[in-house]
Amino acid sequence: MTEQDFHLAPPPPGGRICVVGAGFMGCVIASLYARYGYEVALCDANAEMLDSFATRARPIAATFSNDGAEVAHILDRVTLETSLAAAVEGVFMVHEAVQEVLETKQEVFADLDRLCPAEVVLATNTSSLLLSDIVLRVEDKARVLGIHYITPGHIIPVIEIIHADFTPAGLVAWGRAFVDSIDHVGVACPERPGFLINKIQFAMLTEIYRLMDEGLASRDDIDAAVRLSIGPRLALWGPLLTEDLIVPKSTALAVTDSLHRQTGDENYKGRKVLRTLVEKNHLGAMTGQGWYRFHDAPDAVVQERDRQLTDLLAWLRDRDPVGGFRLD
Ligand SMILES: NC(=O)c1ccc[n+]([C@@H]2O[C@H](COP(=O)([O-])OP(=O)(O)OC[C@H]3O[C@@H](n4cnc5c(N)ncnc54)[C@H](O)[C@@H]3O)[C@@H](O)[C@H]2O)c1
């Protein structure tokens, strides 16, 4: 990210956005933008994908409203285009959602760079490619941003805003304002393998795959273990506030060091950020400061923690974890 000057008008309410690619994600993204009042030009090289758009988008729009007329109104705000030049006319942003093939994205971005005036933001929904590679043939890279939805994107509130070395900080701020305008929550991170969410998610999943490969835990025990222990805490507070609330940093550090000693795996080695907190005695809620600063006494924090967790677990324990699905 650079601090270079970057001035863009805020996302205009009701303005026009082009979504390129009317596949699985393009359909979700176009429906969502239309729901929040934007005019959407949905472009796909394959006319059949456009023909089937309304059929695929209706159930998505139906999650926004029970009112059939309102659903129809949302879908009416999406116009369908096979020509990219026509689709980008008058837009303030383009959101690319073509398949995850580098050459295809490079080609689309070269075309967008040529077709769109400098004030048009060019966003990609890539899940794994680097912006630096996607913009290989783009001259004006300073307007390119990653805006990455998490499936199902019309329901999961968080969107990753990905930036590269050439991205002005002002464009990341613009991206956050845009994401706010569709009632989602933007989290920014630099381009890197896994971005932010997959990096965290796959850290857990790779450990789970390993446990299963080695026959150390069953599918059902793994799901129950996560669902009824770390899952609810993470859902309520995220990993860092959870740590402040449940374990002194000195213990967390001792656990990571012990895992490191026992496995020899450098991944477990207690990181600098954690050691620094321990050195400062910022152990968490019990010392009034951890990752967060606490204004209430430890007893009051624990009481509130337990109240929130009890509420959530009461709801969760009453549910059949596979209820609603037909599974073995
Ligand atoms: N599927 C997911 O759950 C998910 C989640 C987050 C992000 N993503 C990312 O979103 C992007 C799209 O994924 P998807 O699953 O929707 O793909 P998809 O294959 O369902 O759809 C891609 C669409 O792009 C169209 N297309 C290809 N080249 C084109 C071009 N030059 N001009 C116009 N249209 C073109 C195709 O015809 C197709 O309809 C990928 O980058 C993917 O990594 C996917």
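Every number here is computed from the coordinates shown, using simple stated rules; none is lab data. Because the structure is predicted, anything quoted here is derived from the model rather than measured. Heads up, the Cβs are rebuilt from the backbone with ideal geometry, glycines too, and the neighbour counts pull from every protein chain shown.
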For the range 97-181, take every pair of Cα atoms, bin their distances at 5 Å starting from 0, and report each bin as a whole percent. 3, 15, 26, 25, 19, 9, 2
Using mean Cβ contacts within 10 Å as the protection proxy, how do 229-242, 143-156 order, highest first? 143-156, 229-242
With a sphere of radius 13 Å drawn around the Cβ of residue 68, what net charge do the other residues whose Cβ falls strictly inside it have (Lys, Arg +1; Asp, Glu -1)? -2
How far, in nm, would the chain grow between residue 165 and residue 320 when pulled straight, counting 0.36 nm per residue and subtracting the alpha carbon separation? 51.1 nm
So, in Å, what gap is there between the alpha-carbon centers of the range 1-27 and the range 85-124? 10
Around residue 91, what is the net charge, scoring Lys/Arg as +1 and Asp/Glu as -1 over all other residues with Cβ under 13 Å from its Cβ? -3
For the chain, the charge dipole (Cβ of Lys, Arg +1; Cβ of Asp, Glu -1; about the Cα centre) points to a positive end, and the Cα of 121, 142, 312 closest to that extreme belongs to 312
State, in angstrom, two size descriptors of the range 180-252 derived from its alpha carbons: Rg to one decimal place and Dmax to the nearest whole number. 15.3, 47
Reference-scaled alpha-carbon Rg (2.2 N^0.38 Å with N residues) for the range 16-190: 0.96
Relative contact order (percent) for the range 16-190, with alpha-carbon contacts under 8 angstrom and 6 or more residues of separation? 19
Honestly the range 218-317 on the Cα gyration tensor test (a ≥ b ≥ c root eigenvalues; a/c under 1.5 rounded, otherwise a/b vs b/c for prolate or oblate) is just oblate
Helix 53-62 against the longest principal axis of the chain: what's the angle in degrees, Cα atoms only, rounded to the nearest 10? 40
With charges set only on the Cβ (+1 for Lys and Arg, -1 for Asp and Glu), what does the dipole of the range 16-65 come to about its Cα centre, in debye to the nearest 20? 200
Note, residue 146: beta-carbon cut-off 9 Å, +1 each Lys/Arg, -1 each Asp/Glu, net -2
How many angstrom lie between the C-alpha centres of the range 30-66 and the range 222-251? 37
So for the chain, using the alpha carbon gyration tensor with a ≥ b ≥ c as root eigenvalues (a/c under 1.5 gives rounded; past that, a/b versus b/c decides prolate or oblate), I'd call it prolate
